[in-house]
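Working notes for the structure below.
The values are calculated or read from the model by the stated rules, or taken from the named source; none is laboratory data. Bear in mind that the values here come from a model prediction, so they are computed numbers and not experimental data. A quick note on method: Cβ atoms are made from the backbone with ideal geometry, for glycine too, and the neighbour counts reach across all protein chains shown. The accessibility values were calculated without ligands, DNA or RNA, using every heavy atom of the protein model including side chains. Shrake-Rupley method; radii C 1.70, N 1.55, O 1.52, S 1.80 Å.
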Amino acid sequence: MNEFNKTEDIFREIWSYRYKLSIILFIVAVISFGSTYFIRPLYKSTSIVFPVNLYPTSDESSTEQLMQYFNSNDVKWDLAKKFKLYEYYGIDTTKVQGGKALFDYMYKEYISISPTLYESIEITVKDVDPHMAQQINGGILDLTNELVKNNKKYILYQYINNINKTIGMQNKSIDSVLTLAKNDDI
């Protein structure tokens, strides 16, 4: 090859190989265009949730608490059971070792839960079926709502039991004071 001193020399050299370059570019274009038909499109369903009925019980904000609910294993496994995601993703846990790890990977790949700039939470579900993506997104919301309600009920029952115990102890002390008062009158 000659030494190139000017830009014009470079273009002349490239122009001399124009037929070979055009054949290569045509083959690359055909392969690229053909490969797009083998890639299945992913549809995305997005929800944005603002925590309204959560009250901070520690240093965490209500958004952080709701994030923990959304990312909990309870929600994940109930979602997998409700929509039969093991079968849907083609994961056989009876024969394949690490089926749950593979499911965790698929779950993280297709489901994203992240906080937004304004203290909300964005849930994004990707799937090849847009209807399924929407159902999974709604399922996450429903299951998390049930989990929050059940936890609130449990906490309220604990408060009620503690109050009943306190009332029982107060009644016993009142009874003992009344007994002492009756004995003093006799």
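Shown for the chain: the carbon plus sulfur share of the solvent-accessible area, taken with all protein chains present and a 1.4 angstrom probe, equals 59%. Averaging 1/r over every pair of different alpha carbons in the range 126-186 and inverting the result gives a Kirkwood radius of 16.0 Å. Computed with a 1.4 Å probe over protein heavy atoms only, the accessible surface of the range 97-182 comes to 69 Å² per residue.
Using only Cα atoms, what Kirkwood radius does the range 43-164 have, in angstroms? Each step should come with its number before you reach the end.
Details: mean 1/r = 0.0634 Å⁻¹.
Answer for the range 43-164: a Kirkwood hydrodynamic radius of 15.8 Å.
Segment residue 181..residue 30, full-extension length gain: 44.2 nm, with 0.36 nm per residue of separation and the alpha-carbon distance subtracted.
Helical content of the chain, expressed as a calculated mean residue ellipticity at 222 nm, amounts to -21500 deg cm²/dmol (DSSP H runs of 4 or more residues, -39,500 (n - 2.57) each, divided by residue number, nearest 500). The alpha-carbon of residue 76 sits under 24 angstrom from the alpha-carbons of these lysines, leaving out residues fewer than 8 places away in its chain: 44, 84, 95, 100, 108, 126, 149, 152, 153. Computed from label points 7 Å out along Cα-Cβ, the spacing between residue 13 and residue 61 is 5.9 nm. Assuming R0 = 25 Å, what is the FRET efficiency of residue 101 and residue 124, from their Cβ-Cβ distance, to the nearest 0.05? Rounded to the nearest 0.05, the efficiency is 0.65.
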